[in-house]
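Below is one structure, written out as structure tokens, with a few remarks after it.
The values are calculated or read from the model by the stated rules, or taken from the named source; none is laboratory data. Quick caveat: nothing in here was measured; it's all calculated off a predicted structure. So basically every Cβ, Gly included, is an ideal-geometry build from the backbone, and we count neighbours across all protein chains shown. The area values use the complete protein model at the heavy-atom level, side chains included, leaving out ligands, DNA and RNA. Shrake-Rupley method; radii C 1.70, N 1.55, O 1.52, S 1.80 Å.
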Amino acid sequence: MISSKLEKTFVENISMEKFFDKKLETADFSIVKHNTLVESSYDLSPVPNNIMTIAMTKARQTNMSSDLWNGEVVISAQEYANIHKVSLDDAYKVLKRAVLELEETKIICDAYYDFSNGEVVPEIPPNLTEISFFSDSILASKPKHGKFSKMKLHIRLVQKIGYSDTGSFIYLKFSDDILHLIKNATNPDALDYTQYDYANTIELNTTPAKRLYELVCKWRKVGNCRKQVDEWKILFGVFAKYPNVAEFKRRVLQPAINQVNEQGEFKLILEQEKLGRAITHFNIVIEEQMVTENPVQSTEFFAKASNVNLFESLSETERQTVKATADRYIAKNRIDEETHKRNIYKKAINERWGLLEVDAQQQEYQKQAEEVKKKLEADRLSKLEKQQEILRKEQESKQFVQLFESLDVGFQIEVLDRVRNLIATEVPVFLKMFDKENDKKSAHTDIRFRSYFKRIMAIE
């Protein structure tokens, strides 16, 4: 029997070999990212953000079983140069700087503490290094039952990093929590992921624009993404950097929206909500544009005109989903022979692989959209009721003043005297204020004394 130490070494050696074998030659690959990461908070430069995304994709495309993979990824300068169309020297320089930035990166994300097992506090293992945030009690996706509490988790992106000046590659090992999110992004029990083509993000040259694009892909079916101002700042990792809302909008949010609009896949419209003069929420309305398909962004099989009849009933999003599902199957089963691959693609198209997951996700998004609409309608009705109540009180006050001033002067004086006596008896601290207003002949218009006038005048 192989000892656990030897088995671990064996697995790690296999892992490294497989990651050197598996290379990305172009930008033609799909990103599948857990929504916890899409909605998480971090502040990275554009290239480290690219590296994180590419590394997660390489992790998902490895031929190794996910049970054996321990979070290690290698990205060569040649790969990055091919993807981003830069020189080999420039590619390695930016890779090295990027992986050094990733070493210190922390992510703040939402999680859910599950109380359905009756636990109140998770059991802490004797060795604190064994703690994993995401567990049976702490979940990345919202449970379907109601026995949970939402929480914020602070986790590290990577456990360790490395780079080779002679080999022109970088190495990183994801933290256990990030590894959990990568492995469980397409878990059938909790469909909670966003998918898009990496090539669509290459021209976005700021991290806020790249992150906004991801977020828009998540909420595209709902048609809008609404957050409190502070939530937008936290998402982009600039909460402390831009305390002024107008500056955050001008320097971060609006430029990101402009870049996504220029990319052409979506038309984004920024709306803002106010409480008084203060902006409380930003809402981004999402409109999908008609985009001509680029054959470079799909496999050769999907691009061939002879295969059009197989998927003519599929939308672009559905085609991407079927392709990504087939790619995962091919990678998992280590299928290298081209004819076999083409047959898998045909089977995937005919059987609509992965679309049940998409339908379920779309239903969830539709449910969320309905909840958002109900909340907006409730807020609108509440605001309307408050406005009507203000108008009612204003009208009621106006009618009272008209009634009092329609009385003859002698009766007005008598009412004022009796009101003064009532105030002197019940709330003498108001007497000085009443006399001051009475001297100005405006005591009957002051709402502070209205109830006393009504009592004396026997008005309900």
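In sequence order, the range 371-376 has phi-based couplings of 5, 5, 4, 4, 5, 4 Hz under the Karplus curve 6.51 cos²θ - 1.76 cosθ + 1.60, θ = phi - 60°, and Gly or Pro positions carry x. Near residue 272, the amide H atoms lying under 5 Å from its own belong to 283; only residues 5 or more places off or on other chains count, and H is placed 1.01 Å from N.
Per residue, the average separation of C-alpha pairs within less than 8 Å and at least 6 apart gives the range 353-460 a relative contact order of 20 percent. For the range 368-460, the list of trypsin sites (Lys or Arg not before Pro) that fall in a loop by DSSP and count at most 15 other C-beta atoms within 10 angstrom reads 440, 441. For the range 420-437, backbone phi angles converted through the Karplus equation (6.51, -1.76, 1.60; θ = phi - 60°) give residue-by-residue couplings of 4, 5, 5, 5, 4, 7, 8, 9, x, 5, 7, 4, 5, 5, 5, 4, 4, 5 Hz, Gly and Pro being listed as x. Computed from phi, the 3J(HN,Hα) profile of the range 259-265 under the Karplus parametrisation 6.51, -1.76, 1.60 (θ = phi - 60°) reads 5, 5, 4, 5, 4, x, 6 Hz, with x in place of Gly and Pro. Pairs of Cα atoms nearer than 8 Å and 6+ residues apart set the relative contact order; for the range 179-285 it is 27 percent.
Want the number for residue 278 to residue 164: 0.36 nm per residue separation, take away the alpha-carbon distance, what's left?
So the extension gain works out to 35.9 nm.
Between residue 78 and residue 388, residue separation times 0.36 nm minus the direct Cα-Cα distance comes to 104.9 nm. Each of residue 203 and residue 145 was given a label point 7 Å from its Cα along the Cα-to-Cβ line. The distance between the two points is 4.9 nm. Site pair residue 409 and residue 258 shows an inter-label distance of 6.9 nm when each label is modelled 7 Å from Cα along Cα→Cβ. Full extension of the chain between residue 23 and residue 377 yields a length gain of 122.4 nm, computed as 0.36 nm times the residue separation minus the alpha carbon distance. For the listed residue pairs 152/210; 33/267; 233/367; 183/332; 249/274; 96/160, the alpha carbons are over 20 angstrom apart in 152/210; 33/267; 233/367. In the context of the full set of protein chains, residues of the range 334-418 present 74 Å² of accessible surface per residue (probe radius 1.4 Å, heavy atoms only). What's the local net charge at residue 223, with K and R +1, D and E -1, over the other residues with C-beta under 11 Å away? Charge balance in the 11 Å sphere: +2. Inter-label distance, residue 456 to residue 442: 1.9 nm, where each label sits 7 Å from its Cα along the C-beta direction.
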